[in-house]
Amino acid sequence: MKKRLYCLCSMLIGIAVACHSQRIEVSRQTIKGDFDNDKREDWLTVVCKTHYEKGEEVPKTWYFWEITVEGKLVLGSRKTLHFTDSESLDAVIGGELSYFSPHPGIIVRAFREPHGSTVTITYDYYLYNIALHDWYRYKIATYDQATWEEASVAFEYCNKAQKPLVGSKSRRHSTALPDPMLPKSPLKHLRQLNERKWYPKYYYDFVSCIEVLNHLDKKIGRKAIEKLVKHLKPHNSTWAHYIVSTYLNRNIRY
């Protein structure tokens, strides 16, 4: 009997120590949009938990561990879907996970990692498939600003296997689907932006702008690109330099 009590006490102490060495911060996010592209308002509610662990060498110091997500989609058709998500964190720099919908039928997952005064952001684009009733990741964009003066944007297109947002089975196909995020005429779109003297103000705006430039004929669109740089330069010289060096083949530091 004493041996059983000792074992039980040992288990309870172990549980108490494990709980005491971990900490969780909870945040909530609610967004609305037309997620399934049926012209009806939908809602996405996300409960995001940031997990911390105490350091072994410095017990009073808390370190980042991971982010876990519980998501709830309430569609205009009154259908409710649930999904989970997670992201491992660097013990020191941590990170933030959020979701938004920039276009009907699309949900974007944004994971941001701060590096002091610089940042890396990964955008996962999920497109709704009406036949499979789920959203599938069809492209990934990564914004990387290693220093104040240097930034880059890279795209990866998931043409063979696409990860689902809600379900567990990946979607496989051999041909790329049309991207609703891209304008039919990139040059016309850029000229329209220039007429409004538009320039990217936020990270996601800059990433979207770069993808448009990637689908633009550099020779034909040179003047339009130069006008964009003219509008952007007074506000963000780092982004202006990236566009000049990448699309105008000039390495001029602003």
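Could you please find all residues in the stretch 91-101 being open to solvent by 50 Å² or more (accessible area, probe 1.4 Å) and modelled with pLDDT of 95 or more?
E96, F100
May I ask you to verify whether N194 is over 23 Å from the mean Cα position of the chain (by Cα) and at pLDDT below 95?
no
Which members of the stretch 174-186 meet the condition of being in contact with a helix residue (DSSP H, G or I) (Cβ under 6 Å, 6 or more places away or on another chain) and either hydroxyl-bearing (S, T, Y) or assigned to a helix (DSSP H, G or I) (or both)?
Of everything in the stretch 174-186, just one residue is in contact with a helix residue (DSSP H, G or I) (Cβ under 6 Å, 6 or more places away or on another chain) and either hydroxyl-bearing (S, T, Y) or assigned to a helix (DSSP H, G or I) (or both), namely P186.
All but one of (1) within 23 Å of P102 (Cα to Cα); (2) part of a loop (DSSP other than H, G, I, E, B); (3) among the polar types (S, T, N, Q) hold for N194; state the number of the condition that does not hold.
Condition not satisfied by N194: (2).
For the condition in contact with a Leu (Cβ under 6 Å, 6 or more places away or on another chain) and under 30 Å from L44 (Cβ atoms), what is the one hit in Y199, Y203?
Y199
Does E113 satisfy the condition of being in a strand (DSSP E or B), over 24 Å from R28 (Cβ atoms) and not hydroxyl-bearing (S, T, Y)?
The answer is no for E113.
Which condition does K201 not pass, out of (1) at pLDDT 95 or above; (2) over 22 Å from V119 (Cβ atoms); (3) surrounded by fewer than 13 Cβ atoms within 10 Å (Cβ to Cβ), if it passes all the others?
Answer for K201: the failing condition is (2).
For residues in the stretch 103-121 being open to solvent by 40 Å² or more (accessible area, probe 1.4 Å) and modelled with pLDDT of 95 or more, which is farthest from the chain's Cα centre (by Cα)?
That would be P104.
What is the residue count in the stretch 225-240 for residues that are in a helix (DSSP H, G or I) and open to solvent by 20 Å² or more (accessible area, probe 1.4 Å)?
Qualifying residue count for the region: 5.
The values are calculated or read from the model by the stated rules, or taken from the named source; none is laboratory data. Just so it is clear, the model here is predicted, and its values are computed rather than measured. Backbone-built Cβ (ideal geometry, glycine too); neighbour counts: all protein chains shown. Please note that ligands, DNA and RNA were not included when accessible areas were found on the heavy atoms of the full protein model with its side chains. Shrake-Rupley method; radii C 1.70, N 1.55, O 1.52, S 1.80 Å.
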